[in-house]
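What follows is a set of notes on a single structure, which appears directly below.
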Amino acid sequence: MRFAAVGICNTAIDAVLFVLLHDDLGIALANLVSTSAGMVFSFVVNGLFTFSAGRLTLRDALLFVASTGLVMWVAQPLLIHGWLWLLERGPEVTLGAMAADDVRLWGAKLASIACSLVLNFLAYRFVVWPHRPAAGTGPGTKPGTEPGTKPGTQ
């Protein structure tokens, strides 16, 4: 639930900036700017709130930028173009004052964000902030030596 809440805010930052900038900057550069702004927000809030990192380290930042950058700067533009390609073959759809091209662009961006959210969650959970067992627990710990147990009892 925490990841979803952060994702909604991050998505709003990303999508609004992208739509505002894409005409002037093009899809790739607008996506770079919009996802970068969302990335800074996401790193801080996901690290401290979602995955309870306690503090953010340089290691966390490097892994976050590498994993998020791969998804947002490589996978997402490819996904946007792929979704646009698919949506251009569908029926002409308009929403009020929005032209069909705008509707398709929004649809492609939102569909690519949905794919990216899944990829990013997996990277954050298993690469950036993996669950680290407390000292004295986990693989390699002798039975009965976990914190809070008396030696010889289980």
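The values are calculated or read from the model by the stated rules, or taken from the named source; none is laboratory data. Not measured: the values here are computed from a predicted model. Note that each Cβ is placed from the backbone with ideal geometry, even for glycine, and that neighbours are counted across all protein chains shown. Ligands, DNA and RNA are stripped out before the accessible areas are found, and what is left, the full protein with its side chains, is counted by its heavy atoms. Shrake-Rupley method; radii C 1.70, N 1.55, O 1.52, S 1.80 Å.
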Notebook entry, point to check: Which whole-number percent of Cα pairs in the range 9-64 have a distance greater than 19 Å?
Noted result: 36 percent
Item checked: Computed label-point distance, nm, for sites A37 and S52 using a 7 Å Cα→Cβ extension -> 3.3 nm
Checklist line | Charge context of W85, other residues only, Cβ under 15 angstrom, K/R +1, D/E -1 | finding: +1
Next item on the list: Counting only C-alpha contacts under 8 Å and six or more residues apart, can you give the relative contact order of the range 3-134 as a whole percent?
Entry: 26 percent
Note to self: Within the range 18-46, list the residues whose amide N lies under 20 Å from a label point set 7 Å along Cα→Cβ of L62.
What the structure shows: 40, 43-44
Check: If you bin every alpha carbon distance in the range 1-137 into 5 Å steps from zero, what whole percent lands in each bin?
Finding: 2, 10, 19, 21, 17, 12, 8, 5, 3, 2, 1, 0, 0
Checklist line | Phi-based couplings in Hz for the range 44-59 (Karplus 6.51, -1.76, 1.60; Gly and Pro marked x) | finding: 5, 6, 5, x, 7, 9, 6, 9, 6, 5, x, 8, 9, 10, 4, 4
Next item on the list: Averaging sequence separations of C-alpha pairs under 8 Å and six or more residues apart, then dividing by the length of the range 23-101, give the relative contact order as a whole percent.
Entry: 27 percent
Item checked: Cβ-based net charge around L17, under 14 Å, with every Lys or Arg adding one and every Asp or Glu removing one -> -2
Notebook entry, point to check: Which distance in nm do the two modelled labels at V16 and F126 give, with both placed 7 Å along the Cα-to-Cβ direction?
Noted result: 3.4 nm
Note to self: Ignoring ligands, DNA and RNA, please state the percent of accessible area on the range 36-104 from carbon and sulfur, probe 1.4 Å.
What the structure shows: 72 percent
